[in-house]
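Data block below; observations after.
Every number here is computed from the coordinates shown, using simple stated rules; none is lab data. Remember, predicted model here, so these are calculated numbers, not experimental data. All Cβ positions, even for glycine, are placed from backbone atoms using ideal geometry, and neighbour counts span all protein chains on display.
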Amino acid sequence: MVRWGLVIDLDKCTACQACVVACRVENNVPIGGEEEVRKERAIFWNQFFSEIHGEYPNVRLHMFPRPCMHCEDPPCVPVCPVDATYKDKDGRVLVRYDKCIGCRYCMVACPYGARYFNWFTPEYGEGHGNHLNPDVVRDGEGWIVGPSPRPRGVVEKCTLCVQRIERAKEEGTPLGSEHEGGVVSACAQTCPAFAISFGDLEDPSSDVYRLSKDKRAFRLLEDLGTRPQVYYLSEG
Amino acid sequence: MKLTRRDAIKLGVAAGAAAYATYRLGGFESLLRPAASGGYSSGALTESRVASVCLQCPAGCGIVVRVVDGRAVKIEGNPTHPINLGRLCPKGQIGLQILYDPDRIKQPYVREELWQAFQEGSLSAYLAAETRDRTPEDLIPVPGATADEQWDNALEVAAAALRLIRESSAPGEGPHQLLFMSGRNRGQMGGFIDRFCAAYGTPNHIGHSSICADGSPMAHWATQGWKAYSGYDWDNTNYLLCFGGAFLEAWRPTTRLLRAHGTMRQGRPVRAKIVQVDVRFSVTAAKADEWIPIKPGTDGALALGIAHVIIQANLYDAAYVQEHTFGFEDWTDPNGAQHVGWKNVVLQDYAPELVSGITGVPVETIERVAREFATTRPAIAAGERGASMQTNGVYNRIAIHALNALVGSFGRVGGPIRQREPPLASVPAATQDENAIAGGAQPAFDFRGTIYYPLAGKVYQGVPDFILGKPDPGGRILVPPYRAKALLCYYTNPLYSTPDNARWEEAIRRIPFVMTFSPFMDETTAHADLILPDSTYLERWHDDVIYPSLGFPVVGLRQPVVDPLYATRNTGDVLIQLAQHLGGTVAQSFPWADFLEFLKARYQGIFASGRGRVGDIPLSGIASFEGFWETFAREGVWSDPPYAFEDWAFTFATPSGRFEFYSQLLHEKLEHLAEEEAKKIQDPPPSSLVDQKLDQILEGLGLTARGDRVFLPHFEPPQYVGEETVFPLHLVTYKLMVHAEGRGANVPLLREVMPSHLRGMTNWDTWAEIHPETARAYGIQDGDLMWIESPVKDDRGSLRRIRVRARLYEGARPDTVAMPFELGHTAYGRWAKGMGQNPNRILANQYDLLGGLAAFSPTRIRVSPAGGG
Ligand code: SF4
Ligand code: SF4
Ligand code: SF4
């Protein structure tokens, strides 16, 4: 059994947001524009968060990227009335874009705010449509789960770059951060600080397996019992 | 009942059909057909990965571009490129939005009036105009039935204008009247422009580093004898004391520094300590272990206070200081004159109590950090623009740099290192005719290296004042002995990026001929007479020698990953073509068919060295130059690791062969200028006259130090602009990672990225960070619009002000307002134009006169609520 996951080392993280940008390019996430950003409707499968504590000059700022947690017990899945979202056999939580009816129950259910709704037909501008990723991934039943542009009215989210992983499997390329040249998610691929590891949480020889057991490891909102497959390593 | 989207489509319900239409975008028609099975497909007919080099900043990261059916669809890092090891920063990731920007300039453009003048043979009159008003609406595509014809016509117009200027026999006229301003000159491009200027006959290639970070190379020159940025062995240091360098936001080489942050934290025996001295709580400060807030422009004083503690407590590396430095103890020169050593200057002048008063840093902090720094080795003291682009920037940087000598870091593992250059082959110098020789011998337009700006290699930001005959920040009216007749701009946009940039509005009117090579309609290009648009970095051949960092030489090769989308041309090629059109010795100086051929000539040297590796392949195993070039183009990078540490003669290229606390080079330079001045009165001059002239020069530079201290690391008080009583706050500017190089405003995806350190702020607005108490005192709430008013006046004598969104920030000093550079464009495409504010509107044009550099933080301001919301 495979269980894909990420470990994000916040001590190494530089808050550069290369992961955020790489994700959007890889996955054909549309530009929302000024209004959308203001209304907090812009789509970030991997979104950056910050929180400031303290008073001048004793301030601390905590910053972290938040992909989908690919929860082992995902609250977003059982609420879907049409089975458009599901936990796949490799431990990913995916959305079948051509099955989603846009009821947004899952968005309410997700405690991490990791799901986004397409309020508008995505626009890529006159020129920028040229760099769209042509990859298509369908699940076993033929539904689209990977990165083709999503229509208006459906929910989308991080897939752990399902297209990169499925392609590597087909081509027999090694997968995971522990392999030199191993295929990983777009965020892990670009992270200049080598802060993000991608791999199989079930594989004792993987980076993510080892790091997820590090004494600095923690998960977001652990007490909710969602059991995220994304781990963080604390600063310091 | 369960309703699926497929049902919805069958029923014609919802926006199903419209939604599905979007699947057609980018050729996804196949998706409309129901699929029989699952799995991955790309529907691609052809797919390749092409190695090249990023150009979103000067780091020179290796990239690999995924190209599908002729479209570039993803940029990733090149794993074998040592600067980025397969990784990229956010700017590198988004290069495709530069390539596919619909607002690119797609062919050459000319001002209609210029085209007419060219056709009617009245170019001389056009070039004789005293002033010229221009708007982008005057620009027309250069006529021509084909792209080649358009380019031929454009080049002929350019050559005709430049020929007239070059060959004018009127007194004071000639090729020196051409100013060639340039910015991101990577690899051989800077030298190529130098070559063009030499062949044409102008001393006026004016690069933009005097508004960038020139303070650092000057500090390295004064103390180590070489004028370049320094590398640092970050991976092996255990303590980083960083003054005003935005390590994680704007310092270069970006991706390398981001990786270094990781390697300083984890996967090593000791977690390095990072202390950030900064005027604001930046992302860099937040990710450091400690933030030391400091009053703008006083970084040098803090460094000297730290030195005081280290020396006083005898914590310095005495053996290193003895063996590798000059001027630490009191000394006697060969003429028998006594000189005070730096040690005694520091002990006398920079007691922590005094330094605390200047910097606002508590005495305990100075003492503690000094002890930590001196006892946690190897340690690095580094500094960048926050410390160096100040009125006292060069001395600040010298003082910071000197801390490395105290703890024995230079040239050693875990310390500052000097970058080695790649072994490129030289090519014969440009051929010069009489015109070129006469023009090249004229004094430079920007007064570089004179008594006014002794250390400057260029004074980019001064150009409008020199054109208009307006006083410089030293109150001196400097008028070159000739008029600027032509301005060429390559990868630089002075009308936007110069402090007090409104000075350019009139200055550019006074230049009869303006030509740019920009692929985008930036502010300067909008004022051009002729545009010869470059191809973007993903469409052209261009090498890149890495920004000083790793120490060992690394070069990369940029190549077209897709065919040029439009009728644009590589500026390297265009300079050759322009030279051909100009003919004579200018043409002779450019004997290459194109820029690629020139690059190959230079890179023969790398092949001949037999050293290093191409990608991962040892060069020694490659038999021919053709084989080398083919491998180089495929792999995208050549490098020659490892770095040899402790090469003292290379590390210290000073007269003494040591780190010079007492800078003999600085002494020599200023003494020489003083002598030249004295000679104007009496030749040979008596030494008292030289001393008197030196004193006058220092006076003119606004320096307070005299005697030996001038040549030693010391503190010069910053010169703020504006009365504290009227303008009670400081304004500082900064850069965001996603736009660090200030060129990202036209990239929608970067605009959409929210700042890492502020919640709920979009990049469509310019914000200013202000301390909550300060804001309250002025009746300003978080998110309110706020006026920032500076002492800079407009033509009508009113104070200049800009309206920005106030962000109450606990990380702001109560006396300092901080705002990012990036927005406030009046041109530059649909995503940039007319949005946000440009701080340069209200920044005073203030310098470090010694270095001729722009100071970005001396402006005082006042704020007030602007109403609205
Ligand atoms: S790319 Fe890496 S360093 Fe940058 S924000 Fe993402 S996790 Fe942090
Ligand atoms: S993070 Fe949210 S969207 Fe992702 S699996 Fe968990 S509940 Fe579902
Ligand atoms: S650091 Fe500079 S060169 Fe490297 S990816 Fe970022 S923008 Fe490109």
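Given a Förster distance of 51 Å, report the FRET efficiency between B:Ile437 and B:Val413 from their Cβ-Cβ distance, rounded to the nearest 0.05. Don't skip to the end; give the middle numbers.
On the way: r = 49 Å, r/R0 = 0.95.
So, using R0 = 51 Å, E works out to roughly 0.55.
Express in nm, to one decimal, how much length is gained between B:Glu646 and B:Glu156 on full extension, taking 0.36 nm for each residue of separation and deducting their alpha carbon distance.
171.0 nm
Specify the inter-centroid distance of region B:468-533 and region A:159-236, based on alpha-carbon positions, in whole Å.
Each part's Cα centre sits 51 Å from the other's.
Strictly over 18 Å apart at the Cα level, which of A:Lys157/B:Lys287; A:Lys99/A:Lys157; A:Lys89/A:Lys215; A:Lys12/A:Lys169 would you flag in this model?
Table pairs above 18 Å Cα-Cα are A:Lys157/B:Lys287; A:Lys89/A:Lys215; A:Lys12/A:Lys169.
What net charge is computed for the residues neighbouring B:Val65, neighbours being all others with C-beta under 12 Å from the C-beta of B:Val65, Lys and Arg scored +1, Asp and Glu -1?
Values: positive: B:Arg49, B:Arg66, B:Arg71, B:Lys74, B:Arg558; negative: B:Glu47, B:Glu76, B:Glu539.
Around B:Val65, the surrounding residues sum to +2.
Hey, with R₀ at 56 Å, roughly what FRET efficiency would B:Arg271 and B:Thr131 work out to, going by the Cβ-Cβ distance, to 0.05?
Values: r = 61 Å, r/R0 = 1.09.
Calculated transfer efficiency: 0.35.
Let me check I've understood the local charge: for B:Gly621, count other residues with C-beta under 14 angstrom from its C-beta, Lys and Arg +1, Asp and Glu -1. What total comes out? All intermediate terms of the calculation are to be shown ahead of the outcome.
Working: positive: B:Arg611, B:Arg613; negative: B:Asp616, B:Glu630, B:Glu635.
So the environment of B:Gly621 carries a net charge of -1.
Please order A:His53, B:His527 by the number of other Cβ within 10 Å, starting at the fewest.
Numbers: A:His53 10, B:His527 25.
Ranked by crowding around the Cβ, least crowded first: A:His53, B:His527.
Under the definition of Cα pairs under 8 Å and six or more residues apart, what whole-number percent is the relative contact order of chain B?
Values: 1933 pairs, mean separation 151.8, N = 869.
Relative contact order here is 17 percent.
What nm distance separates the two modelled labels at B:Glu626 and B:Gln322, each placed 7 Å from Cα along Cα→Cβ?
The two pseudo-label positions are separated by 6.2 nm.
So for chain A, Kirkwood radius off the Cα pairs, Stokes-Einstein at 4 °C and 1.567 mPa s: how many µm² s⁻¹? Please list the in-between numbers first.
Numbers: Rh = 18.3 Å.
Translational diffusion coefficient: 71 µm²/s.
FRET efficiency for A:Glu35 and B:His339, Cβ-Cβ distance as r, R0 = 41 Å, nearest 0.05? Each step should come with its number before you reach the end.
Numbers: r = 66 Å, r/R0 = 1.61.
Here the calculated transfer efficiency is 0.05.
If each of A:His62 and B:Asp683 carries a label point 7 Å out from its Cα toward its Cβ, how far apart are those two points in nm?
Distance between label points: 7.3 nm.
Taking the Cα centroid of region A:70-110 and of region B:331-352, what is the distance between the two, rounded to the nearest whole Å?
73
Taking the Cα of B:Leu468, stepping 7 Å toward and past its beta carbon, and measuring to each backbone N in region B:491-520: which are under 19 Å?
What the label zone holds, given the 19 Å backbone N cut-off, is B:493-514.
May I ask you to order A:9-20, A:137-148, B:114-125 by the average number of other C-beta atoms within 10 Å around their residues, highest value first? Please report the intermediate quantities before stating the final value.
Details: A:9-20: 26.4, A:137-148: 20.9, B:114-125: 15.6.
In descending order of packing, they fall as A:9-20, A:137-148, B:114-125.
Let me have the 222 nm mean residue ellipticity of chain B computed from DSSP H runs of 4+ only, each contributing -39500 (n - 2.57), with the sum over all residues rounded to the nearest 500.
Details: 31 runs with 276 residues, N = 869.
After summing the helix terms and dividing by the residues of chain B, the value is -9000 deg cm²/dmol.
Let me know the shape class of chain B, please: from the alpha-carbon gyration tensor, a ≥ b ≥ c as square roots of the eigenvalues, rounded when a/c is under 1.5, otherwise prolate if a/b is greater than b/c, or oblate.
Numbers: a/c = 1.37, a/b = 1.20, b/c = 1.15.
It is rounded, given that a/c, with a ≥ b ≥ c, falls under 1.5.
Could you list B:Ile477, B:Ile211 so that the one with the fewest beta carbons within 10 Å of its beta carbon is first and the one with the most is last?
Working: B:Ile477 11, B:Ile211 23.
So the ranking, lowest neighbour count to highest, is B:Ile477, B:Ile211.
Give the order of B:His667, B:His542 when sorted by the count of other beta carbons within 10 angstrom, beginning with the fewest.
Taking fewest neighbouring Cβ atoms as first place, the list is B:His667, B:His542.
Would you mind counting up the charge near A:Tyr56? Only other residues with Cβ under 9 Å from its Cβ, with Lys and Arg at +1 and Asp and Glu at -1.
Net of charged neighbours comes to -2.
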